[in-house]
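Each remark here refers to the structure printed beneath this line.
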Amino acid sequence: MPKADLILLHPPSVYDFRKRASLYGPISDVVPSTPIFEMYPLGFMTIADYLKRSGYTVRIINVALKMLKNSRFDVKRLIKSLNPLAFGIDLHWLPHAQGSLELAKIIKKYHPQTPVIFGGLSASYYHQELILYPQVDYVIRGDSTEEPLRQLLEMIRQKGLLKDVPNLTWRENGSRIRVNELSYVPLDLDDLSFDYRSLMSSSARYNDLTGHLPFRDWFNYPIVAVMPWRGCRHNCLTCGGAAHAYKNICGRNSPANRNPRLVAQDISLISHYLKGPIFILGDIRQAGNDYVEKLLSEIKNKRIDNHIALELFWPGSKNFLETIAGSISNFNIEISPESHDEEVRKAFGRAYDNQSLERTIEDALELGCKRVDLFFMIGLPRQTPQSVQETIKYCGILLKEYTENGSARVHPYISPLAPFLDPGSRAFENPQKYGYKLFYKTLE
């Protein structure tokens, strides 16, 4: 089997979940993955492609999924058999804290001299604590680690000066902690590729389909995502990907957009070999009306038949929805009102009323939207048990209103705020102000 320069490993949320009897609760009911959180970040794909164009070979192994699908899968045997220049582990979502560090321990047991690199939003937030663990050699901070990682691999290969690698946290001479400047914050994403064919070719190269699959039931629900930007203009209270968090964790003052022509090209490429739904991450209106018009015009010219799901951060005007309907033949929309109670919603960071929400639903369905997904949450500031019950009743009203011949066109979901507050979010940084009590705030 070909040797890889970098092996990117995605850990389970809890490493020994196959031995430990755990009641996870409804912590992943509104995402495609299981409570093991076996879905790896989209950044794995962009990293692999970027490094490939720079002459490095990269392999992705979804360790969490392999463990989930096969109770006898031997993680230690796999790790022992590998021999890359370096290992990379994502700690993007905080639920992977235990699993990522345990996986790093196994790597160091069999490859004590091989560097272990951490990355992701949670890793960036906790970089100075992470680097204290003996199984962690480097942490690359920020939301765009492709170029800093390329430079780090070059320094590892050539035994060069680590002080010149941007966004890097490391230990000098194995003891003194060094935090390099967070200086690599690209203004756009046009140098990246979101081409899923690279994952297909890699799975064939390493004869490892399971290691590249994004989540357990992907073959039953083959949804993929495209990313028009990194960063956000909004400040939702509990979100670790909000503007406040991106500025403090990643040094990003405004979103880095991808050229709308390239986003449409990404979607078109996917549609040529995958017929499942395509999810556009984030609200396309964040970049302004000109961006929206260019993106939807480009998509229209591509004549794509796949279902395309669009995320709305706030209700859409009829003109906006008409433009979508005129550009995308099969479209769905997703909105997260969080609560039926407008005051609770406003306290969370979303200041729109139910009339606007319901008008958007009505207009979208009238214009041919195939389905509207609504996401509500339990555990919000100013929310009471009675308020939650009223939200459930509101969901029932919407289901009744928009169900025809036994087929629902509006799908409301409600789930608890779990399992953590996102590190870096406003609620995490100032929990008492918003009615939360944090039992632990450190990684350990």
| Derived scalar couplings ³J(HN,Hα) [the range 259-271; Karplus, 6.51 cos²θ - 1.76 cosθ + 1.60; whole Hz; x for Gly, Pro] | 3, x, 5, 6, 5, 4, 5, 4, 5, 4, 4, 4, 5
| note | per DSSP, antiparallel bridges as share of beta bridges in the range 6-179, % nearest 5, sits at 30 percent
| request: Give the cysteines in the chain for which no other Cys Cβ lies under 4.7 Å away, or write none if there are none. | output: 232, 250, 369, 395
| the range 222-434: Rg/Rh from Cα coordinates, Kirkwood Rh? | 0.97
| Using a Gaussian network model of the chain with C-alpha springs under 10 Å, which one of 297, 54, 183 is most mobile by mean-square fluctuation? | 54
| For residue 378, which sequence-distant residues (separation of 5 or more, or a different chain) have an amide H within less than 5 Å of its own amide H, given hydrogens modelled in the peptide plane? | 415, 417
| So which trypsin sites (Lys or Arg not before Pro) in the range 20-73 end up in coil per DSSP with only 12 or fewer other C-beta atoms within 10 Å? | 20, 72
| note | With label points set 7 Å from each Cα along the Cα-to-Cβ direction at residue 401 and residue 52, the distance between them in nm comes to 4.7 nm
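What FRET efficiency do you get for residue 201 and residue 80 if R0 is 25 Å and r is their Cβ-Cβ distance, rounded to the nearest 0.05? Each step should come with its number before you reach the end.
Working: r = 26 Å, r/R0 = 1.04.
After rounding, the FRET efficiency stands at 0.45.
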| note | Taking a straight Cα-to-Cα line shorter than 22 Å from residue 300, and setting aside same-chain lysines fewer than 8 residues away, one finds 275, 318, 370
| field | Extended-chain gain in nm, criterion 0.36 nm per residue less alpha-carbon gap, residue 354 and residue 390 | value | 11.6 nm
| Can you give the Kirkwood hydrodynamic radius of the range 6-179 from its Cα pairs, in Å with one decimal? | 16.4 Å
| remark: The answer for residue 240, listing residues at least 5 apart or on another chain whose modeled amide H is closer than 5 Å to its amide H, is 422
| task | List the equivalent ellipsoid semi-axes of the range 208-321 in whole Å, largest first, each obtained as the square root of 5λ for an eigenvalue λ of the Cα gyration tensor. | result | 25, 21, 13
| For the chain, built as a Gaussian network whose Cα springs stay under 10 Å, the top-fluctuating residue of 86, 97, 204 | 204
| task | Take the alpha carbon atoms of the chain, find their radius of gyration, then divide it by 2.2 N^0.38 Å using N residues; give the quotient. | result | 0.99
| request: Quickly estimate the mean residue ellipticity at 222 nm for the chain, helices only: each DSSP H run with n ≥ 4 gives -39500 (n - 2.57), and the total goes over all residues, rounded to 500. | output: -10500 deg cm²/dmol
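No lab work stands behind these numbers, since they all come straight from the coordinates. Everything numeric in this text was worked out from a predicted model, so none of it was measured. Here the Cβ is made from the backbone with ideal geometry for all residues, glycine too, and neighbour counts use every protein chain on show.
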